[in-house]
Amino acid sequence: MDKNLNVWLDNLLQEIEGIKFRRKSTRRVRIDVAMDALPTLLELLQGRASYVHLSAITCVDWPDDGEFELVYHVWSYETQSLVSAHTRIPRDPGVYLSIYDLYEPAAFFERDIHEMFGVFFEGSPDMEKFILTEWDGPPPMRKEFDSEAFVNQQFEWQPYHPDWLKELEEEGGGVTTRPEDIRW
Amino acid sequence: MKDIKKIEIIQRPPPPEPARRTNPLARVFDELVRFCQSRSMFMLHYCTGCGAIELPPAMTSRFDMERLGIQPMVTPRQADILLVTGYVSVKTLKRIILTYEQMPSPKYVIGICSCTVNGGMYWQSYATAKVLKDYIPVDVYIAGCMPRPEAVISGLRALMEDIRTGRGDAWKKYYQNYDFYLGNQQRLFGEKWQTPTDVIAEAHHYGMMTDQTLGEHTDLLEQNEVPLDALRTRLKARTE
Amino acid sequence: MRPENYQAVNHPPSNEYELNFGPNHPGIEGNYAFKVKLNGDRVLEARADGGYLHRGFEKLMEGRLWIQNIALVPRICVPDPVPMEVCYALAIEELCGLEVPERAQWIRVMQLEMSRVAAHLFAFGGHAATTGMYTPMFWGIADRDLILDRFEELTGGRVYHIYNIPGGVRRDLPEGYLGRLSGLLDYLESRLPDYDNLFFTNQVFVRRARDVGTMTQAQALKWGVTGPNLRATGLALDVRRDDPYLVYGRLEFDVPTEAGGDALARNLVRRSELQQSIHILRQVIDRLPEIDGPIRCPIPNPLAWNVPAGEAYTRVESSKGELAYYVVSTGGGKPYRVHVRGPSSMHAVQVLERLAVGSRLEDIAQIMFSLDACPPEVDR
Amino acid sequence: MSWQELLLELTLMPLLAFVIGLAMVLMMRRIAAQIQRRVGPPLLQPIYDIVKLYSKQTQISHGFIHELGIMMAVGGYIAAEALLPVPGMDGLADKGGLITLIYFLMVPTLGMALGVGQCANPNGSIGISRALTAMLAYDIPFVIVVFGVAFHYQTTNLAEIAAIQQAHGVSGWGMMEMPLLALAALFALQGMMGKQPFEVYIAPAEIATGPMVEMSGKFMGGLFVMQSFQYYTAGVLYTILFLGGGENWLTFLPKIFAVVAIPMTIAMLFPRFRTEDLVRLMWKWPVMAGLLGLAFVMN
């Protein structure tokens, strides 16, 4: 089975320009591909190599590079291996093509990424909000969104200052290490 | 530093005795009604968070809450207690408040899990409200992540005792301090926040108006009040 | 008192109306909402609405240490928390190249299967209750509690165990644990005929559940269905067998299937899986005493643990289907990105919406419970 | 019978019915608890529930028809109790008879339909339309049974029917003389009490408890009261028609409790049908058994 996998991957490499492929283990393959070539690659993977199950689409934010990394995990029930196709798209404007016509589960993941990262997928059937319908802040999963600062500004904390603690503090004791000091 | 074991535990002062009617017959009647109220609590069947996973064991064969007269009810109209089980995300909190206002009084709220006290382990989360009692009055908190069914039942028994002795009246606070609760709600949900229930009219009806009921937040509510349309769900034809 | 929004509204005369299922509705699993448009009692359109349980896990995990996140992950799926811990631990082990001692691997398999049995017992109860039969729910949850007792003895927690840490498990089995577990399995097996008589072969239930929410093999593959729901369409696909992790490659077990693809078939697949899990647990009980050795490999100081840069995609078969974690590390003390692929993110949204269209009002709750959709996995 | 005695009986009969009905509700919950392997509610739980519901401070009313509907629901049964002879008290049994009783038994469902319709909750409307369909389903075998019994004893007077059966001992019970009709009546009984598998109109997981969805406080209390009357009526009616009525309270009480216990036990072992399955089943087997029984009776 591994042998076949190698054969077709070699064929594939010849067909698509600018593809980088690394075998991580017997069942995990990582492919790096340019953003233009990804739909073609997925079409080939699905059509020729039985990678019919889209396990997930992950978005990783790399603000230093100004890019989003989109990772498409596709699983083949026949060769029993997983291909993770990595591609990078520019962070601005953050628009990419939907693969809904290839893989229907993509609709959920693309919708999710749209909400959480603000990446728009052209051709996706449904880009409406699903989880954050009552949220009007920035896309929360972007790295520049600081959840802790937002929480401190938005919510009140439960005051906790019982009498015995006050007594201790009068004598110079009490909580000597504040929570912010022990944050790693 | 003082040895922590030697610190006396400060007893919380007993809450003031509730006012009683002078007529002895009326008193007996009140006692009876309160006893029945404490022995028959319908809880709302609403799982707001992960603590709800310990409610089925507490309800079913092993711990059997029906022994205490507690049974689940499916609509807020019939419910007496609202169990807020675990973290309340902002989206859920809106529904909790709507539900709470629809429940007929006397009504009681139990905050289960640490998350309802101070945000628990989701203190960093942008999506969850931290302190439940800022938004609705809470009768009993049951801490733990998550509290065991025994803890849930013991919390319910504490509430029963409070109801029987007439101390479980946190629901009155909602009418008496409506401005405070509404202010916190508006802070979270925006100035346009309004619910279908006319809480101020209900406060008038029950004679629970205090000077805390009305304030700047209720003024804001009246300014922004728009007549509510019939509830409509938004559906979109799905393209197959 | 008048009710709140009491005002007469004139609707145009029509057979069509809209109905909200949830979030406060007994026919909804967890805190989730489902909006349907009906003609009579036939569903014309359906739309899921989630986010009531959203806590922003993936964001929270980016702000905490690798080891702190162990306490966070089981909260993602409440009825079946062990696969979450194991999957996350597997990802870190892959990144660090840690070799998990064999004994720890067997203990993990034991927990995974115990958790599966517990989750399936819970699922039966829910499915039965949607059809108005409450006795299996009471029985199932009471029997599940016995498994939670064993979990409590092993880990100290009934529901959230926080027991699987990267590199192994937290502590070894207590004295005589396997004997007690074996007794529990005997008890569960002796209960199965009762469940069969009451529930699985109950003709009224069979009539209710047959041809409800049917999907074909092709549809199931196309919609990304996994787990028992996929196996109910006749495909023997299981992550435990296709992509073996831990010691599943060395265990004997069947992958039960059913042909129907409807609610009844999904229910029966879960029943057979319960038996298979008991079968696996018996093998573990036989083999575990022979395997000596440490229960975890040495790991660096967890509070100052910089996991090497890289990414890992680990998959585990949870009781609902394929569960996967994608973890990216940049060599820091905290994860750079963690993505959780819960099986219900397919089942509770797209699959449910599509199966509901054309079904009947009384079957919506049954479809949702037969898919065993777990909303916290969707909302995260 | 003087009018004072009649008045006393008319007061006592519904009161007794209420108390016995409460005990039946308790029995139902205890039976459920036993089958579900748990303890169950304490002895006075039904009373606690009703007192609590009536003592709610918020009483949300949806208007006059809402209140009238609940009054019809409770009143229909209270009126029916006066027509059901119990040991020592005949009430209006010899004046009303079986046919009037059938009419009275339809009033509560219609009253609920009125009240629920006023609530304007879609779940309630679906529930009540299911309830009316269910009534249509179980009334067909019920009417056949009533007709058969009336034909067999040549009277519609319930007190006389009971007396005829008692005169012949156990072998003279309706159950022995008309077994097929008794069987059909058992089905109708299950449907009349709205228990699984015929519990189509309550259905929490489908329509959020249907007709009760908008009921709160005293309205819900009214429905609880109605439920206890309903159990009592069903038990007594079946006992009079097929189990020889009651010579005295000692034999009467075990009979009515046993009759009510049967549907309650069955209910815990079955899920609910769909509405059309309920109608199909009701119009098939009980009606066939009933017609066959009728043929034997007329023979």
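For C:R250, B:R39, C:R75, which order do you get if you count the other beta carbons within 10 Å of each Cβ and list the fewest first? Can you show the working numbers first?
Numbers: C:R250 13, B:R39 22, C:R75 26.
With the sparsest Cβ surroundings first, the list reads C:R250, B:R39, C:R75.
Percent antiparallel among DSSP beta bridges with both residues in the protein assembly as shown, to the nearest 5?
Numbers: 57 of 78 bridges.
Bridges in the protein assembly as shown are about 75 percent antiparallel.
Going down the table (B:K172/D:K52; B:K94/B:K133; B:K130/B:K192; B:K130/D:K56), which pairs top 24 Å between alpha carbons? Intermediate results must be reported in sequence, preceding the final value.
On the way: B:K172/D:K52 18 Å; B:K94/B:K133 14 Å; B:K130/B:K192 22 Å; B:K130/D:K56 31 Å.
Correct reply: B:K130/D:K56.
What is the distance in Å between the Cα centres of region C:327-380 and region D:198-250?
One Cα centre to the other: 41 Å.
Distance in nm between label sites at C:D194 and C:A236, each 7 Å beyond Cα in the beta-carbon direction?
3.3 nm
Taking the alpha-carbon distance from C:K334 and a cut-off under 22 Å, which lysines remain once sequence neighbours fewer than 8 residues away in the same chain are dropped?
A:K143, C:K59
Using helices alone, what [θ] at 222 nm do you get for chain D, with -39,500 (n - 2.57) per DSSP H run of 4 or more residues, divided over all residues and rounded to the nearest 500?
Values: 12 runs with 219 residues, N = 299.
Helix-only estimate at 222 nm: -25000 deg cm²/dmol.
In degrees, nearest 10, range 0 to 90: what is the angle between the Cα axis of helix D:122-153 and the longest Cα principal axis of chain D?
10 degrees
How crowded by other chains is B:85-94, given as the mean number of beta carbons from other chains within 10 Å of each beta carbon? Spell out each step's value before the answer.
Details: counts 1, 5, 4, 1, 11, 8, 15, 8, 2, 2.
The mean count of partner-chain Cβ atoms within 10 Å per residue comes to 6.
Helix C:82-96: angle to the longest alpha-carbon principal axis of chain C, degrees 0 to 90, nearest 10?
The helix C:82-96 is inclined about 50 degrees to chain C.
If I take the Cα coordinates of region A:2-153 and project them onto the principal axes, what are the three extents in Å, biggest first?
Result for region A:2-153: principal-axis Cα extents of 57, 31, 25 Å.
So what is the calculated 222 nm ellipticity per residue for chain B, using -39500 (n - 2.57) for each DSSP H run with n of 4 or more, over all residues, to the nearest 500 deg cm²/dmol? It would help to have the intermediate numbers written out before the result.
Numbers: 9 runs with 90 residues, N = 240.
Result for chain B, helices only: -11000 deg cm²/dmol.
Quick check: from the Cα gyration tensor, does region B:114-212 come out rounded (a/c under 1.5), prolate or oblate? Before the final figure, lay out each step's value.
Details: a/c = 3.03, a/b = 1.18, b/c = 2.57.
Because a/c hits 1.5 or more and a/b fails to exceed b/c, region B:114-212 counts as oblate.
For each of C:R296, B:R77, count neighbouring Cβ atoms within 10 Å of the residue's Cβ, then give the residues from fewest to most.
On the way: C:R296 19, B:R77 24.
Neighbour counts put them in this order, fewest first: C:R296, B:R77.
To make sure I understand the rule: partners must be aspartates and glutamates, Cα under 20 Å from the Cα of A:K20, and not fewer than 8 residues away in the same chain. Which ones qualify?
Counting by Cα, and skipping residues close in sequence, A:K20 has these aspartates and glutamates nearby: A:D2, A:D10, A:D32, A:D36, A:E43, A:D65, A:E67, A:E69, C:E311.
What trypsin sites (Lys or Arg not before Pro) in region B:159-208 are in a loop by DSSP, with at most 12 other Cβ atoms within 10 Å of the Cβ? Before the final figure, lay out the partial values.
Numbers: sites: B:R164, B:R167, B:K172, B:K173, B:R187, B:K192; in loops: B:R167, B:K192.
Here the sparse-neighbourhood loop sites are B:K192.
Could you tell me which of rounded, prolate or oblate describes region C:41-194, using a ≥ b ≥ c as the square roots of the eigenvalues of the alpha-carbon gyration tensor, with rounded for a/c under 1.5 and, failing that, prolate when a/b is larger than b/c and oblate otherwise?
Working: a/c = 2.56, a/b = 1.15, b/c = 2.22.
Taking the square roots of the gyration eigenvalues as a ≥ b ≥ c, region C:41-194 is oblate.
If the reach is capped at under 22 angstrom between alpha carbons, list the lysines near D:K255, excluding any in the same chain fewer than eight residues apart.
Excluding near neighbours in sequence, the set is D:K195.
All of the numbers you see were taken from the coordinates with simple rules; none came from a lab. Since this is a predicted model, take the numbers as computed values, not measurements. Virtual Cβ from ideal backbone geometry, glycine too; neighbours counted across all protein chains shown.
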